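In what follows, a single structure is set out as structure tokens and then discussed.
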Amino acid sequence: MSISFDFATLSERERYKLMIGTIIPRPIALVTTVDEEGRINAAPFSFFNCLSADPPILALGVENHPDMSFKDTAHNIRMTEVFTVNIVSFSIAEAMHVCGAKYPRGVDELKEAGLTAMPGEKVGSPWIAEAPAAFECRRHVTLELGKSRQVILGEIVFAHYRDGVVDPERFHVDPAAVDAIARLGGDICSTVRDRFEMLTPKL
Ligand SMILES: Cc1cc2nc3c(=O)[nH]c(=O)nc-3n(C[C@H](O)[C@H](O)[C@H](O)COP(=O)(O)O)c2cc1C
């Protein structure tokens, strides 16, 4: 027995629920940007992943507000062409959640969440001192997928790591030190603490 769905017959909400419940775990990008006046903004996005290493490209899926206006993150990236993806560890999970609240434009969510903004090296957007890792990105291309969704591809131009997260000789990143959290369906998040090794079979 199986249960099947024809996506053409489903509502937008039903498709969303199936996709976010099934395509798991999704990493969470806590995206920091600045507006035209240099005011800091931060918001979490779990429609996020890495797509290419050469060029080094990551993707964010950003939904518009119901009235089709841009979220502050999308607005700021459009105006400044840059953003910073901060990886969310378990230790900053609560702070990430504070940044997801609907603050009006111009409110610095990092301050609200008690996180520390560090000046960007190559971009105007700050990175977060408490994050295990952060990628400074320049907007590569924006895909308008529908009237209310954009996928923003960013090229990574600079990376920051907290002490002990990466071995600078071997470029090995310690997953235990990153201690990333992921989003599942609904409001459920998870850690990635249960790991095992699988070697690709040699033919
Ligand atoms: C864990 C988590 C993941 C989220 N993922 C997304 C996402 O992938 N795309 C999106 O448009 N909104 C997502 N949101 C909602 C935004 O973070 C929220 O709309 C936020 O207020 C946007 O802020 P901004 O207007 O400052 O950009 C997520 C929220 C949380 C808590």
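Here are the numbers for this structure:
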item: Criterion: modelled with pLDDT of 95 or more and closer than 21 Å to Asp35 by Cβ - qualifying residue of Ile181, Ile128; result: Ile128
item: Residue among Glu130, Glu121, Glu136, Glu169 that alone is among the charged types (D, E, K, R), touching a Ser or Thr at 6+ places or on another chain (Cβ under 9 Å) and outside any strand (DSSP E or B); result: Glu130
item: Complete set of residues in the range 65-114 that are touching a residue at least 60 places away in the same chain (Cβ under 8 Å), within 8 Å of the ligand (Cβ to nearest atom) and farther than 19 Å from Glu136 by Cα; result: Arg105
item: Residue ID - farthest from Thr142 (Cα to Cα), chosen from residues in the range 55-64 that are crowded, with 16+ Cβ neighbours inside 10 Å and more than 8 Å from the ligand (Cβ to nearest atom); result: Pro56
item: Hits in the range 131-152 - residues which are surrounded by 19 or more Cβ atoms within 10 Å (Cβ to Cβ) and out of contact with any Phe, Trp or Tyr (no Cβ under 6 Å at 6 or more places or on another chain); result: Ala131, Pro132, Phe135, Gln150, Ile152
item: In the range 117-130, residue farthest from Leu58 (Cα to Cα) [restricted to those that are among the aliphatic types (A, V, I, L, M) and buried (at least 20 other Cβ atoms within 10 Å of the Cβ)]; result: Ile128
item: Ala42 of a type in the set (Gly, Ala, Ser), more than 15 Å from the ligand (Cβ to nearest atom) and at pLDDT 95 or above; result: no
item: Check on Arg170, surrounded by 10 or more Cβ atoms within 10 Å (Cβ to Cβ) and of a type in the set (Lys, Arg); result: no
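The values are calculated or read from the model by the stated rules, or taken from the named source; none is laboratory data. In this text the structure is predicted, and so the values were computed from the model without any measurement. Because the Cβ atoms are built from the backbone with ideal geometry, glycine has one as well, and the counts that use them run over all protein chains shown.
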